[in-house]
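Worksheet: one structure, shown below.
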Amino acid sequence: MAARDDYLLDTLTEMGVVTDEELNLAQDESMSSGEGVVDTLVAKGVIMPVQISQAKAAQFGTEFVELSEQTIEDDVVSAVPRNIAHQYKVVPLYMDEFSVTVVMSDPSDLDAIDGLGQALNMQVNVNVADEEEIEVALKQYYGTAKDDSVSKLIQDITEGEVQISTIGEVSMADDEDAVDADAPIIKLVNTLIVEAFRMEASDIHLEPLADRFRVRYRIDGVCHEQKAPPKKLQGAVISRLKIMSEMDIAERRIPQDGRIQANVGGKTIDLRVSCLPTTHGESIVMRLLDKESLKLGLGQLGFLSDDQQTFENLIQLPDGILLVTGPTGSGKTTTLYSCLNYINKPDRKIITVEDPVEYQLDGVNQVQVNTAVDLTFANALRAMLRQAPNVVMLGEIRDIETASIAINASLTGHLVFSTLHTNDAPSAVARLIDIGVKPFLIASATRCLMAQRLVRKVCPQCEAPVEPVSSELSALGLDINNIKDPNFKAGKGCAKCNNTGYKGRFGCFEVYVMEDEGRKLIVNKVTSGTLRDHARKVGMRTLREDGARKAVAGMTTPKEVMRVTVGDED
């Protein structure tokens, strides 16, 4: 056993991380296996890698740093070049005129410390952090070692002598120097999109503020701020995106929409682009549309077995209307596309009307709304009914004309899927009445009302059992003494989940299957609250109740369920 391991084991024992009995067993096992004692303790789960880093910090009398809680200034990051940071696996924390303080996982690596000091020509002070956190921070501030990163490109542009002109002027002028000058901007925009895709972001937000140009990626429903270009590059970046999405770059007074198709790593992705004039410039939001999400089965959407069986039976009915409700970004389109994939058989003709058509579905006739030629939802729906479909999907019910045609279609032998923007399932009835649909038609046509929200999954790479917080259980209406086989879990944070503890999302659902008593209440024009109370009495679980079941099963956390659902009123 190496002397370095001896000192480290002594420190771990003094810290109370390892008992003498565990150490003796590991030493015996190490002798037979040939592996080091520390490696054996890690493999047996006695110690965690982060505890080794904490012990090393204590051993060398330096500070252990939680990198995820640190905010590192741009000038400090730029003081250590990207190639050097990756070479020595260090992240700079702060600096003064003569020295820089960095974090590394092994403070005993004197060769690396000396090499870093010579490369920077500065005195190097060392703190210690967990190796996984260092990897996350290197990716966040410098990008990967192999690829161009946003941070590196911004540094190249701002430090280089590049004169930035608007992309629109360059495209209209036959000036090779101007085109060359804009090449870094083109590369920067492309890299913004590539990094968002690799981080599995659903949206890219570029927001002009008073004194800066903010870039944020929405990952698993939560916005994360990224390294952003300086304010002076704002106009060039926005102009480049407007050209890529075929918008009018000369028009800065009205909102515009466009699309971009990109190829990343041999995979084609579509981006839906929205441009909105704001006080400090044009704000752009790009939604990344990944066709892989359409291949999800109903089980992968987040349905538990009982709700999944109910829903599978409903979507195979011959007629009626099924409405999915929820706010923008709650996964309604993905759910409806998954339903269509499930029932898409050679003996069924399926037609959709969408605005826009976000994904191409094999074997499905999809119609794109085009108001310029008067191809509205209502007109398209009338025409497609003459095509004798079995199943109709309507992107959204927005007005009385569309709603009336959809409901009449459901009453004349068609199965109709559509969406509404309401907070819960029973409120869909009030919304339809509000836009002018007669209650008796709603009662006759409706087969199911379903609301949904998306919650983040516990990261499978770093999940661990946890004791639930009593206040959170109370908010979810749970009593730990009444829970059978509780399996509460939370993610500790790792490189895979960008240190958030969550990776991916799934749905929480509120499924109200329409029955005779509910139809009577709709005809009698009862309030949404009364209909909701009745729905709960006949077996509907609310969004929060469904989320609570999934938190108990360890699929998500109570805190996450509370974040995306509203408390139930008794």
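The values are calculated or read from the model by the stated rules, or taken from the named source; none is laboratory data. Please read these numbers as outputs of a predicted model, since none were measured by experiment. Every residue, glycine as well, gets a Cβ built from its backbone with ideal geometry; the counts of neighbours run over all protein chains shown. Ligands, DNA and RNA are stripped out before the accessible areas are found, and what is left, the full protein with its side chains, is counted by its heavy atoms. Shrake-Rupley method; radii C 1.70, N 1.55, O 1.52, S 1.80 Å.
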Per the charge dipole of the chain (beta-carbon charges, Lys/Arg positive, Asp/Glu negative, Cα centre), the residue among Phe197, Gln300, Ser471 reaching farthest to the positive end is Gln300
Heavy-atom accessible area per residue of the chain, all protein chains kept, 1.4 Å probe, expressed in Å², is 49
Taking every other residue with Cβ under 9 Å from the Cβ of His205 and scoring Lys and Arg +1, Asp and Glu -1, one gets +1
P(r) over all Cα-Cα pairs of the range 55-110, 5 Å bins from 0 to the longest distance, whole percent per bin, short to long, reads 4, 17, 28, 26, 18, 6, 0
Rounded to the nearest 10 Å², the 1.4 Å probe accessible area of His86 is 30
Of all chymotrypsin sites (Phe, Trp or Tyr not before Pro) in the range 72-108, the ones in DSSP coil with at most 14 other Cβ atoms within 10 Å are Phe98
The set of cysteines in the chain having no other cysteine's C-beta under 4.7 Å reads Cys223, Cys275, Cys339, Cys448, Cys508
Rg from C-alpha atoms of the range 424-570, normalised by the globular rule of thumb 2.2 N^0.38 Å, equals 1.24
With +1 on the Cβ of every Lys and Arg and -1 on the Cβ of every Asp and Glu, the dipole magnitude of the chain about its Cα centre, in debye rounded to the nearest 20, is 3240
Sorted by chain and then number, the residues having a modelled amide H within less than 5 Å of the amide H of Leu420, at least 5 places away or on another chain, are Val324, Thr325, Gly326
Taking the square root of 5λ for each eigenvalue of the C-alpha gyration tensor of the range 336-470, the equivalent ellipsoid has semi-axes, largest first and in whole angstrom, of 31, 21, 15
Longest principal axis of the chain (C-alpha) makes with the long axis of helix 176-198 (C-alpha) an angle, in degrees to the nearest 10, of 80
Cα convex hull volume per residue for the range 451-504, in Å³, equals 109
Computed from every Cα-Cα pair in the range 298-396, P(r) in 5 Å bins starting at 0 and rounded to whole percents is 2, 11, 22, 24, 21, 12, 5, 2, 0, 0
Measuring from the longest principal axis of the C-alpha atoms of the chain, the long axis of helix 20-33 (C-alpha) lies at a number of degrees, nearest 10, equal to 90
Kirkwood-based Rg/Rh on the Cα set of the range 340-412 evaluates to 0.94
Taking the range 476-562, the equivalent ellipsoid from its C-alpha gyration tensor has semi-axes in Å, biggest first, of 34, 15, 9
For the range 529-546, Karplus-derived ³J(HN,Hα) couplings (6.51, -1.76, 1.60; θ = phi - 60°; whole Hz; x for glycine and proline) come out as x, 5, 5, 5, 4, 5, 4, 5, 5, 9, x, 6, 8, 6, 4, 5, 5, 5
In the neighbourhood of Glu132 defined by beta carbon distances under 10 Å, the net charge of the other residues (Lys, Arg +1; Asp, Glu -1) is -2
In degrees, nearest 10, the alpha-carbon axis of helix 110-120 is tilted away from the dominant principal axis of the alpha carbons of the chain by 80
Carbon/sulfur accessible area of the chain, % of total, 1.4 Å probe, equals 47
Taking N as the residue count of the chain, its alpha carbon Rg divided by 2.2 N^0.38 Å gives 1.17
Of 279-286, 502-509, 305-312, 369-376, ordering from highest average Cβ density within 10 Å down gives 502-509, 279-286, 305-312, 369-376
Computed, not fitted: 222 nm per-residue ellipticity of the chain from DSSP H runs ≥ 4 (each -39500 (n - 2.57)), nearest 500, equal to -12000 deg cm²/dmol
Filtered hits (lysines, Cα-Cα < 17 Å from Lys227, offset >= 8 within chain) -> Lys139, Lys152, Lys187
The local net charge around Ala112, scoring Lys/Arg +1 and Asp/Glu -1 for residues other than Ala112 whose Cβ lies under 14 Å from its Cβ, equals -3
